[in-house]
Amino acid sequence: MNEEYAIDAVMHKLWSLEELYVSGDLLTPLSIARKRRRDGPPASSTFMATVVPGIYLEGIIEALEVSEWNVVSIKTLPGFVDGDELLLKESALKVAARRGIALMYQPVF
């Protein structure tokens, strides 16, 4: 049995979290999907992850559908996109734009 990453497991309880910067294999798209805010005026929130081997663009697209982050920036190793990368990026950008999320996704070499 695989255990859930700590950040993924507690993200839904971190209402006041405004910024999260992660480098390495410490989370999955659940950290994007599970971000919640308390009731009241929305605060700005930024999620930035660098070189995250377990995050695939398909999972990010699904997470953006429910996420409450304002900004999501992912820098990952090339080759972590299954299927047509250009089509997936376009789809992710459309979902993010519709939901009012600034999305930056780029492979690092």
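When the range 31-51 is filtered for residues that are at pLDDT 85 or above, closer than 20 Å to Thr76 by Cβ and assigned to a loop (DSSP other than H, G, I, E, B), the ones remaining, listed by number, are Arg34, Lys35.
Looking only at the range 68-87, which residues are under 26 Å from Glu19 (Cβ atoms), open to solvent by 30 Å² or more (accessible area, probe 1.4 Å) and at pLDDT 80 or above? Result: Glu68, Asn70, Val71, Lys75. Picking from residues in the range 8-30 that are assigned to a loop (DSSP other than H, G, I, E, B) and closer than 26 Å to Val108 by Cα, the one that is least open to solvent (accessible area, probe 1.4 Å) is Leu27.
The values are calculated or read from the model by the stated rules, or taken from the named source; none is laboratory data. Note that the structure is predicted; figures quoted are calculated from it, not measured. Counting neighbours? That spans all protein chains shown, and the Cβs are built from the backbone with ideal geometry, glycine included. Just so you know, the surface numbers come from the protein's heavy atoms only, side chains and all, with ligands and any DNA or RNA stripped out. Shrake-Rupley method; radii C 1.70, N 1.55, O 1.52, S 1.80 Å.
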